[in-house]
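What follows is calculated from the coordinates using simple rules that are stated; it is not laboratory data. Computed from a predicted model, the values in this text were never measured in an experiment. Glycine also receives a Cβ, built like all others from the backbone with ideal geometry; neighbour counts cover every protein chain displayed.
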Amino acid sequence: MTLVNDPKISPPYPTATLDRMRPDFVWGVSTSSYQIEGAAQEGGRGQSIWDLFCRQPGRIANGDTGDVACDHYHRYRGDVALMRELGVGAYRFSISWPRILPAGKGKPNEAGIEFYDRLVDSLLSAGIEPWVCLYHWDLPQALQEAGGWANRDCAGWFADHARLVASRLGDRVKRFATFNEPSVFTLFGYAFGWHPPAVDDAASHHAAIHHVNLAHGMAIDVLRDYVIGASLGAIHNMQPARPVGSTPEDRAAARMLDCYWNRAFADPQMLGVYPDAIASRMSAACRDGDLERIHRPVDWLGINHYSPVYARADSASRLGFAWSDAPADAKRSPIGWQIDPDAFRNVLLDACDRYGLPIYVTENGAGAVELADASGAVDDRERIDYLSAYIQALEEAVAFGADVRGYFVWSLLDNFEWGAGYSNRFGIVRVDYATQARTPKASARWYAARIAAHRAKATA
Ligand code: IFM
């Protein structure tokens, strides 16, 4: 029985009409290496900055680590079969840099590359297009010890990583993204101290931003050279940055958050300039010719979106803003994230106008602290409501002219949710971490039905 024909799909669930979506609209699911692979000490994998960070007391809820995660390294075949049942056309995953280059550079690890070889082959035989992201936050620890993203050399090491991936997978993979959410890992890692390398230093933070941008441009050039028929993009989280209060100071703070969160990467990568408000802060790291090396032609923009972000004024902040929770009266998901599909529609329209590129929504989803029934089933109606409202907003953006060509749910599986460990679940498929059993939730059945409905309309 396929998920779509399962009698447990019990309308009426709210739905978008899907009438406006292109016939070739891509429906997919996303994951990332450290969040699902596990096998942290197997197959010659080197350590990543997250392996060490998770071992620091108090960093991760319940002391969780990605050591085992969803054991996808061993269970990828079953996970691909699940995706096939969902009917997704695409799977976005990331390459663990330390799995294929244990020291970050130098000698490749064949066993690691073979894992991705097998994964790609298994996806292709299931009729699912692999979308590869080169970096989803798990920097090799050896490179961190050499300065990490604060070291300009890291851009070159990343380009070498891109070359290895392109030369080994580029005969079968055509969709590549450079980085996932660079503003998150630079702000959280180099300014707030919430993620590794857990520093708070203005010079390192701005250097990291610039070197990641440089790495993006260099990797795009490598991928173009090595992959025939490549379709290349970059993935940015884009969310409205709002003032939590109505004072001029809060409004100014929100403008600074907007620069760091939404534009510090997308603007130089796609427009060739840093936003005015931070341009002078970037000048120590930015050398002549760098902006041209960063601003390389890409084929699409990946947007990750969940909810608006908020700033408040803080005169002590070197960034010009302090991070804030959403206002108390905001409608929230079970993990406290604001639900505002209109904001999503507007982000898509704004990004389309600003960058003029086809857009793929590379992440969108809802976190929850969920319990399963005795059979492992989860009736995650709130997630269905969230996904439905956001897909509807996407369709509205398309109706207003946004060139949106695909949508990937975050996430296929419950997984390691960074500082929240395994306590926040984002999967449309439940993972029982004690047994590693996978059980599609109601949202998986709903998503499968949406995909099938669109396919039926597109081929009618
Ligand atoms: O789990 C993360 C993912 O790694 C990056 N985007 C947001 C997701 C949910 O927090």
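How far apart, in nm, are the 7 Å Cα→Cβ label points at S167 and A374?
5.8
Please list, in chain and number order, the residues 5+ apart from N415 or on another chain whose amide H is under 5 Å from its amide H, with Hs placed from the backbone.
HN-HN under 5 Å from N415: F426, G427.
Can you give the FRET efficiency for S246 and R405, using 1/(1 + (r/R0)^6), R0 = 30 Å, r = Cβ-Cβ distance, to the nearest 0.05?
That pair, S246 with R405, gives E of 0.20.
After finding the eigenvalues of the alpha carbon gyration tensor for the stretch 1-156, what semi-axes result from the square roots of 5 times each, listed largest first in whole Å?
34, 18, 16
Take the Cα atoms of the stretch 314-353, find their three principal axes, and give me the spread along each one in whole Å, biggest first.
If we take the Cα atoms of the stretch 314-353, the spans are 34, 31, 15 Å.
When the gyration tensor of the stretch 65-107 is built from Cα positions, what are the square roots of 5 times its three eigenvalues, in whole Å, from largest to smallest?
Here the semi-axes work out to 26, 13, 8 Å.
What relative contact order, as a whole-number percentage, does the chain give when Cα pairs under 8 Å and 6 or more residues apart are counted?
That works out to 20 percent.
Tell me whether the stretch 107-259 comes out rounded, prolate or oblate; compute the Cα gyration tensor, take square roots of the eigenvalues as a ≥ b ≥ c, and use a/c under 1.5 as the rounded threshold.
prolate
Among all helices in the chain defined by DSSP H, which have a length of 30 Å or more along the axis from Cα atoms plus a Kyte-Doolittle mean of at least 0.0?
Membrane-span-like by this criterion, though nothing is claimed about a membrane: 202-226.
Using a 7 Å offset from the Cα along the Cα-to-Cβ direction at both S423 and R354, what is the distance between the two label points in nm, to one decimal?
According to this spin-label approximation, the distance is 3.3 nm.
List the residues, sorted by chain then number, that are 5 or more residues from E370 or on another chain and whose placed amide H is less than 5 Å from its amide H.
The list, which skips near neighbours in sequence, is R425.
A81 to E42: FRET efficiency via 1/(1 + (r/R0)^6), r the Cβ-Cβ distance, R0 22 Å, to the nearest 0.05?
0.50
Would you kindly compute the Cα radius of gyration of the chain and its largest Cα-Cα separation (Dmax), both in Å?
Expressed in Å, the Cα Rg and Dmax of the chain come to 20.8, 62.
Determine the relative contact order of the stretch 121-196: mean sequence separation of Cα pairs under 8 Å and six or more apart, normalised by residue count, in whole percent. Before the final figure, lay out the partial values.
Values: 45 pairs, mean separation 32.3, N = 76.
The value is 42 percent.
If a/c stays under 1.5 just call it rounded; otherwise compare a/b with b/c (prolate if a/b is bigger, oblate if not). Do that for the stretch 230-307, with a ≥ b ≥ c from the square roots of the Cα gyration tensor eigenvalues.
Oblate shape, in that a/c is at least 1.5 and b/c is the bigger or equal ratio.
At 7 Å along Cα-to-Cβ for each site, give me the label-to-label distance between A434 and D121 in nm.
Going by the 7 Å Cα→Cβ label model, 3.7 nm.
Quickly rank 335-343, 280-288, 440-448, 202-210 as a protection proxy: mean count of other C-beta atoms within 10 Å, highest first.
For the peptides 335-343, 280-288, 440-448, 202-210, the packing ranking is 440-448, 202-210, 335-343, 280-288.
Can you tell me the order of 290-297, 267-274 when each peptide is scored by its average per-residue count of other Cβ atoms within 10 angstrom, highest first?
Most protected by this proxy first, the peptides run 267-274, 290-297.
Run a plain Debye calculation on the stretch 357-407 (Cα atoms as equal point scatterers, no solvent) and give log10 I(q)/I(0) at q = 0.18, 0.23 Å⁻¹, rounded to two decimals, same order as the q list.
-0.66, -0.87
What ³J(HN,Hα) values, in whole Hz, does the Karplus curve 6.51 cos²θ - 1.76 cosθ + 1.60 give for the stretch 134-140 when θ = phi - 60°, with x put for Gly and Pro?
Once θ is set to phi - 60°, the couplings for the stretch 134-140 become 7, 8, 10, 5, 9, 4, x Hz.
If you average the sequence gap of Cα pairs under 8 Å that are 6 or more apart and divide by the length of the stretch 183-280, what percent do you get for the contact order?
Computed over the stretch 183-280, the figure is 22 percent.
Report, by chain and number, residues whose modeled amide H sits under 5 Å from the one on Y310, excluding near sequence neighbours (fewer than 5 apart, same chain).
Close amide H contacts, sequence-distant or interchain: R242, S324.
Sort out for me the Cα centre separation of the stretch 130-208 from the stretch 261-324, rounded to whole Å.
First find each Cα centre; the distance between them is then 16 Å.
Grab the Cα-Cα distance for A316 and Q56, subtract it from 0.36 nm times how many residues apart they are, and report the gain in nm with one decimal.
90.9 nm
Over the Cα atoms of the stretch 208-348, compute the convex hull volume and normalise it per residue, giving Å³. Could you put the intermediate results ahead of the total?
Values: hull volume 18.8 nm³, N = 141.
Measuring per residue, one finds 133 Å³ for the Cα hull of the stretch 208-348.
At 0.36 nm per residue, and after removing the present C-alpha to C-alpha distance, how many nm does the segment from A146 to E114 gain when stretched out fully? Write down the numbers at each step before the final one.
Working: separation 32, 0.36 × 32 = 11.52 nm, distance 2.73 nm.
Stretched out fully, the A146 to E114 stretch lengthens by 8.8 nm.
Placing one identical point scatterer on every Cα of the stretch 289-420 and ignoring solvent, what is log10 I(q)/I(0) from the Debye formula at q = 0.12, 0.20 Å⁻¹?
At q = 0.12, 0.20 Å⁻¹ the computed log10 ratios are -0.62, -1.23.
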